[in-house]
1. Among (1) under 23 Å from Glu221 (Cβ atoms); (2) at pLDDT below 90, there is one condition Arg21 misses while meeting the rest; what is its number?
2. Where the second residue is outside any loop (DSSP other than H, G, I, E, B) and surrounded by fewer than 24 Cβ atoms within 10 Å (Cβ to Cβ) and the first is hydroxyl-bearing (Ser, Thr, Tyr) and at pLDDT 95 or above and lies in the stretch 213-229, which pairs have Cβ atoms under 6 Å and are six or more apart or on separate chains?
3. For Pro183, indicate whether it is out of contact with any Pro (no Cβ under 7 Å at 6 or more places or on another chain), under 22 Å from Arg10 (Cα atoms) and assigned to a loop (DSSP other than H, G, I, E, B).
4. Could you figure out which of (1) under 28 Å from Leu224 (Cβ atoms); (2) buried (at least 16 other Cβ atoms within 10 Å of the Cβ); (3) at pLDDT 75 or above isn't true of Phe99?
5. Condition first: over 16 Å from the mean Cα position of the chain (by Cα), modelled with pLDDT of 80 or more and buried (at least 17 other Cβ atoms within 10 Å of the Cβ). Now tell me which residues in the stretch 53-84 satisfy that.
6. Would you pick out the residues in the stretch 188-212 that are at pLDDT below 95 and within 14 Å of the chain's Cα centre (by Cα)?
7. Do we have any residue at all in the stretch 30-44 that's on the phi > 0 side of the Ramachandran plot, out of contact with any Pro (no Cβ under 8 Å at 6 or more places or on another chain), at pLDDT 75 or above and crowded, with 20+ Cβ neighbours inside 10 Å?
8. Check the stretch 165-184 and report whether any residue there is without any contact (Cβ under 8 Å) to a residue 40 or more places away in the chain, β-branched (Val, Ile, Thr) and either farther than 15 Å from Arg140 by Cα or surrounded by fewer than 16 Cβ atoms within 10 Å (Cβ to Cβ) (or both).
Amino acid sequence: MLSYNVRSLRDDAAAVVRVIRSGAAARRLHPEAPRLLRWRSKCAALARRSGLVVVTGGRTAAANLILSSLDVDVVTTRDVLFTKDRRLSLNGAPRSLYFATAASRSPWPECTSTSLPNLVFAMSASWTGRCPGWCRPARRTVVAGDINDLPGSAAWTQLTGDRLDVWATIGNGDGFTYSARNPRRRIDAIFTGPGVVPISTRVIDSTDVRHGSDHRPVFVELELPAERT
């Protein structure tokens, strides 16, 4: 799984495509996808050029986007808007969570991605309370995205209440993701719930990464042990 803030493809879109294709992940989650003029065609073109398909997202999901390979069958999707208050927006866009429940040859977990300012977490009820049944701890879930905050913050603490911060659990090094050219902060992350075992993780760096966006992507390999009846 790859989580990559593509900054609305405002930098080098061709480099973004090469980074996504090199990720070798069944699913890619992209905060800050195209959301303005011709956003649908831009998201579709990104998927097509990356050898993937659009699962959900774009402007209707506050610029979050899920792409997937063809071996994943999507069962259902859902968008949850946190706020329409422009004071709590980021770069003029409202923040939301989006969900995709998918099935493949193995029991894939539910998948969530987000790009949120810390004020939304601080001023809202528990984020899981906004989506009852979807993110309860008993369900297999993965939460990923640009958190726009640092480990140890209120937002990070809320996300790790029932889930593992994959990098803190098995990552090596500082895991800095921002900025792409001079990384000094870890503000992008992937979190896993019970029943989802992280095997490996890395922050991707390359010439294309440094030119494609202002964030570095996070890759994680997951194992999903068979559930007992």
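1. Unmet for Arg21, out of (1) under 23 Å from Glu221 (Cβ atoms); (2) at pLDDT below 90: (2).
2. Ser213/Arg7
3. yes
4. For Phe99, the failing item is (3).
5. none
6. Asp188, Ala189, Ile190, Phe191, Thr192, listed by residue number.
7. There is at least one residue in the stretch 30-44 that is on the phi > 0 side of the Ramachandran plot, out of contact with any Pro (no Cβ under 8 Å at 6 or more places or on another chain), at pLDDT 75 or above and crowded, with 20+ Cβ neighbours inside 10 Å.
8. Yes, the conditions are met somewhere in the stretch 165-184.
The values are calculated or read from the model by the stated rules, or taken from the named source; none is laboratory data. Remember, predicted model here, so these are calculated numbers, not experimental data. Counting neighbours? That spans all protein chains shown, and the Cβs are built from the backbone with ideal geometry, glycine included.
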